[in-house]
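**Student:** Below: one structure in structure tokens.
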Ligand SMILES: Cc1cc2nc3c(=O)[nH]c(=O)nc-3n(C[C@H](O)[C@H](O)[C@H](O)COP(=O)(O)OP(=O)(O)OC[C@H]3O[C@@H](n4cnc5c(N)ncnc54)[C@H](O)[C@@H]3O)c2cc1C
């Protein structure tokens, strides 16, 4: 890895989507600016990808982590375009727009239109009427962070918090609304409240703006796209790892797997990294590992940042993949799947009907795959039950919540001790302090900071790459 003296050496630590995308963006920006950089990436595990891990087993493709990204945000799609991988994209089936919540003994479909929402859904009439009083709720004091639970209960009522918000938070963060920061986890909602004084006012105002924009578009001969505001869940034909595999292969000899970085040090105006395989020098370093690893790496060079990062909690999770012969299913489910509010006291967070989301791509012909999510911030025990007990629990829960009594012909279990970071109240202020105390040339990236979705990770990777390139000016 020899370099000329004016080539800047940039090291990325962590080969999940955040680190791999950051390395891609550094090379892209340097290319656009005509600068010479050498980018090396170190990944502690033997395979790159981190949480991107599509496992092929018995003809099934079971995603151990994410099953896709939303196409309503530009960041992942732009990266896919950079890589010329558009043809590999796999949009979810239209029927997966149907999403359900299990409440009071049955599955309720969540309808997008406000009228259908008020006529059905998991809320009682009292709960729905309480939502209508939202414009009268007091607003969060400007600049103050609050928990998602406090915000939702104040604005929408206890029932909406427990039966709508809570399962949605499970679906994204496997989190606990009473601890989670509104500003960090749902910045758009915090921003809407601040800008419009409430959510109903914001919705009405935005709907009016959209109507005007549509009219202007029609006058200009532009038609709007088919996806709703949430966007279409999109993956890759062979599973999400296609993206990280491609980014890793683009690194060529500059990716080192199975090399864990233990410490970062500062010496003679530069940075060095200590590993079991020796020391490596760098001008700049992007630390794109989970927060606890970042805390260890930065312990000597940035003790204050390290302490803050070490306190970011994570939810544990098990993903249980169960496959059925279609002939054993009385009514194969149609839709995305369902989430379960905590008040229901069940032992699973919900289930995704994978073969309905990506028909023909994740299960062998004549079979049906379901991915069941277990654990989360409020259940540190069930994910770690012995395999057989966990599978028995999952089968009993599927029978109780979706009436599925058939015996699976396939099963697999994947456990994450630290699946998803939890942004607790005050997260953004603590993060600002951690970042302010980093040594010059060191930048953080990864899902522990400003969003856990794939789109957020890719966006933050680009921000990290821009910051690193700015340090060279
Ligand atoms: C079960 C599950 C389902 C999800 N579903 C979705 C979904 O459908 N859609 C969505 O948008 N998001 C989803 N997410 C979130 C999303 O997958 C993650 O936020 C994202 O993949 C995190 O990427 P990352 O690169 O920041 O971290 P990681 O993927 O955790 O990568 C960090 C990497 O750093 C490496 N590392 C750690 N320490 C060191 C060290 N000292 N030296 C070198 N390397 C080190 C690790 O081995 C790892 O490879 C899901 C997450 C989980 C767990």
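Read-outs: derived from the displayed coordinates by stated rules, not from any lab. Just so it is clear, the structure is predicted and the values come from calculations on it, not from any experiment. Here Cβ is always computed from backbone atoms with ideal geometry, including for glycine, and neighbour counts include all displayed protein chains.
**Student:** Note the full-extension length gain between residue 87 and residue 267 as 0.36 nm times their separation in residues minus their Cα-Cα distance, in nm to one decimal.
**Tutor:** My answer for the length gained is 60.2 nm.
**Student:** Calculate how steeply helix 241-250 sits against the longest principal axis of the alpha-carbon atoms of the chain, using the helix alpha-carbon long axis, and give the answer as 0 to 90 degrees to the nearest 10.
**Tutor:** With rounding to tens, the tilt is 10 degrees.
**Student:** Can you put 12, 240 in order of Cβ neighbours within 10 angstrom, beginning with the fewest?
**Tutor:** In order of increasing Cβ crowding within 10 Å: 240, 12.
**Student:** What value, in deg cm²/dmol to 500, does the helix sum -39500 (n - 2.57) over DSSP H runs of n ≥ 4 give at 222 nm once divided by the residues of the chain?
**Tutor:** The helix-only estimate for the chain comes to -10000 deg cm²/dmol at 222 nm.
**Student:** According to a simple spin-label model (label point 7 Å from Cα along Cα-to-Cβ), what is the distance in nm between residue 365 and residue 124?
**Tutor:** Reported label-point gap for residue 124 and residue 365 is 5.2 nm.
**Student:** Please compute the length gained on full extension between residue 47 and residue 207, using 0.36 nm multiplied by the number of residues separating them and subtracting their Cα-Cα distance.
**Tutor:** That pair, residue 47 and residue 207, stretches by 53.1 nm at full extension.
**Student:** Just want the ordering: 87, 395, 158, from fewest to most Cβ atoms lying within 10 Å of their own Cβ.
**Tutor:** 87, 158, 395
**Student:** Starting from the Cα of residue 327, step 7 Å along the direction of its Cβ; do the same at residue 417; then give the gap between the two resulting points in nm.
**Tutor:** 4.4
**Student:** Sticking with this structure for a sec: Just to confirm the number: angle between the C-alpha axis of helix 427-436 and the first principal axis of the chain, 0 to 90 degrees, nearest 10?
**Tutor:** Approximately 10 degrees, to the nearest 10.
**Student:** Compute the label zone of residue 104 within the range 120-162: residues whose backbone N is under 14 Å from the point 7 Å along Cα-to-Cβ.
**Tutor:** 120-130, 159-160, 162, by backbone N distance to the label point.
**Student:** For the range 272-305 and the range 314-384, what is the centre-to-centre distance using only Cα atoms, to the nearest Å?
**Tutor:** The range 272-305 and the range 314-384 have Cα centres separated by 37 Å.
**Student:** Another question, then. Can you sort 340, 13 by how many other beta carbons sit within 10 Å, fewest first?
**Tutor:** Arranged by neighbour count, lowest to highest, 340, 13 become 340, 13.
**Student:** Okay, next question. May I ask for the angle, rounded to the nearest 10°, between helix 17-33 and the longest principal axis of the chain, with both axes built from Cα atoms and the value confined to 0 to 90°?
**Tutor:** 50
**Student:** While we're looking at this one, here's another question. Could I have the simple spin-label model distance between residue 334 and residue 95, label points 7 Å from Cα toward Cβ, reported in nm to one decimal?
**Tutor:** Placing both labels 7 Å along Cα→Cβ, they lie 0.5 nm apart.
**Student:** Highest mean first, how do 457-464, 123-130 rank when packing is the count of other Cβ atoms within 10 Å averaged over residues?
**Tutor:** Per-residue mean Cβ counts within 10 Å order the peptides as 457-464, 123-130.
**Student:** Please work out how much length the chain gains when fully extended from residue 194 to residue 136, using 0.36 nm per residue of separation minus the C-alpha to C-alpha distance, in nm with one decimal.
**Tutor:** Result for the pair: 19.4 nm of gain on full extension.
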